1. Somewhere in segment 69-77, is a residue more than 17 Å from ALA208 (Cβ to Cβ) and among the acidic types (Asp, Glu)?
2. Take the residues in segment 312-331 that are open to solvent by 40 Å² or more (accessible area, probe 1.4 Å) and modelled with pLDDT under 95; name whichever of them is nearest to LEU355 (Cα to Cα).
3. Looking only at segment 44-62, decide whether some residue is away from the ligand (no atom under 16 Å from the Cβ), over 30 Å from PRO341 (Cα atoms) and among the polar types (S, T, N, Q).
4. Restricting attention to segment 238-246, does a residue exist that is among the polar types (S, T, N, Q) and open to solvent by 50 Å² or more (accessible area, probe 1.4 Å)?
5. Could you grab me the full set of residues in segment 294-309 that are more than 13 Å from VAL323 (Cβ to Cβ), away from the ligand (no atom under 14 Å from the Cβ) and not acidic (Asp, Glu)?
6. For the structure I just gave you, tell me whether SER86 is part of a strand (DSSP E or B) and either over 20 Å from GLU180 (Cα atoms) or of a type in the set (Lys, Arg) (or both).
7. Among the listed residues PRO17, PRO59, which satisfies the condition of being out of contact with any strand residue (DSSP E or B) (no Cβ under 6 Å at 6 or more places or on another chain), outside any helix (DSSP H, G or I) and closer than 20 Å to SER181 by Cα?
Amino acid sequence: MKQKTLYFTPGPSELWPTLPKLMEAALSEGVMSLSHRTKFFEDLFAETRGNLRALLKVPENYHIVFLGSATESWERIIENLVLSKSFHFVSGEFGKRFYNFSNLLKRTAVINETAPGVGFFPTKVDIPKDIELIALTLSETSTGAWIPESEFPKLRALYPEAMIAVDVVSAVPYTRLSYESVDCAFFSVQKGFGLPAGLGVLILSERAVARAKELERRGRATGTYHRFTSLASHEALNQTPETPNVLGIYLLSKVACEMGRYGIDKIRAETDKKSALIGEAVNAKKEALSYFVKDKEFRAPTVHTIECGVELKGKLAKNGILVGSGYGEFKERQIRVANFPSHSLESVTTLCEALRNLS
Ligand SMILES: *Cc1c(COP(=O)(O)O)cnc(C)c1O
């Protein structure tokens, strides 16, 4: 019998355990055939937002809208919030891409770059007063670095005028980010939600939508099929501007509901426990393995980037355990291990044994 593959890749990753059943239910309920201009879809849309709001504790007055991916969020946020100047905290590939999007859209993008794998406190950096948007990546999936959540309310207090956008792709649903301290938070569903790729979620403050309206009033283009103003006006009717990824929205709704029933605090505690197990395995093999992010305070519990020999990834794969490579220049000498809610304690134990035996 073929052994089951364990996907510790940092997205797409291990699927949420009830996914096969949910896909069957979707088929039998006609989810993929029913029009998105029906009461069925409107109810589903409202339910999904409700389940996400409850799970992540998103404030009532925040919008929750759907995009194609997190990558799309970068573009939409720049287009809708920035007339001229954005400021980007960059400590890896994903933050860098957000910054590049601002350049491509011909804004003036200011970069604050930290060496990959080195954590930082955004509040210790002086940000020019004329900055319209501060962009951050809470969990930099390319390096495994994390911004402590307590920084966000402080950043808001320091720069009350600036919009704050945070990439939470590999941080949700685990992160305790207080959404009211930012204007945009966004993620795609193939990481922490254990779903197939192809859906992005964008959480937006009222003032972000108001800002987009103001840019439009000034004659600026804020986008085409997805603009904050039209996303919000459709949202008010439980609708989307285009024919959306209805299956993705359906699955997200069910998974968010199941996670909520299971208990978000339990999910967090288990994530911490699995994190500790991986940490112990790395520590037990000190001569062969070490964390790329040296300072524990800045280490993502959800993405463990481990320095290792060039052969480890292949050896793990031979044992049915898939992990991510290092990013860019670190490709050969690092592995990245995801620790999402779909990763069972049992599978993490298997991974840890393999790390101890194969490295
Ligand atoms: C995976 C990832 C993205 C990109 O997600 P897509 O679904 O490919 O758009 C963006 N930011 C971070 C931090 C990620 O981990």
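The values are calculated or read from the model by the stated rules, or taken from the named source; none is laboratory data. This structure is a prediction, so every number in the text was calculated from the model and none was measured. In this analysis, Cβ positions are derived from the backbone assuming ideal geometry, glycine residues included, and neighbour counts consider all displayed protein chains. Calculation scope for accessible area: heavy atoms of the full protein, side chains included, ligands and nucleic acids excluded. Shrake-Rupley method; radii C 1.70, N 1.55, O 1.52, S 1.80 Å.
1. Narrowing segment 69-77 to residues more than 17 Å from ALA208 (Cβ to Cβ): 69, 71.
Next, only the ones that are among the acidic types (Asp, Glu) stay: none.
For segment 69-77, residues more than 17 Å from ALA208 (Cβ to Cβ) and among the acidic types (Asp, Glu): absent.
2. LYS331
3. Let us first name the residues in segment 44-62 that are away from the ligand (no atom under 16 Å from the Cβ), namely 44-62.
Okay, now just the ones that are also over 30 Å from PRO341 (Cα atoms), so none.
No, segment 44-62 contains no residue that is away from the ligand (no atom under 16 Å from the Cβ), over 30 Å from PRO341 (Cα atoms) and among the polar types (S, T, N, Q).
4. Yes.
5. LYS294, LYS296, PHE298, ARG299, PRO301, GLY309
6. On the way: part of a strand (DSSP E or B): yes; either over 20 Å from GLU180 (Cα atoms) or of a type in the set (Lys, Arg) (or both): yes.
Judged against the criteria, SER86 is a match.
7. Numbers: PRO17 fails: closer than 20 Å to SER181 by Cα.
Exactly one of PRO17, PRO59 is out of contact with any strand residue (DSSP E or B) (no Cβ under 6 Å at 6 or more places or on another chain), outside any helix (DSSP H, G or I) and closer than 20 Å to SER181 by Cα, namely PRO59.
Okay, residues lined up against (1) buried (at least 20 other Cβ atoms within 10 Å of the Cβ); (2) within 16 Å of the ligand (Cβ to nearest atom); (3) part of a loop (DSSP other than H, G, I, E, B):
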position	(1), (2), (3)
SER142	yes, yes, yes
GLU149	no, yes, yes
LEU155	yes, no, no
ALA171	yes, yes, yes
TYR174	yes, yes, yes
LEU177	yes, yes, yes
GLU180	no, no, no
LEU195	yes, yes, yes
ARG211	yes, no, no
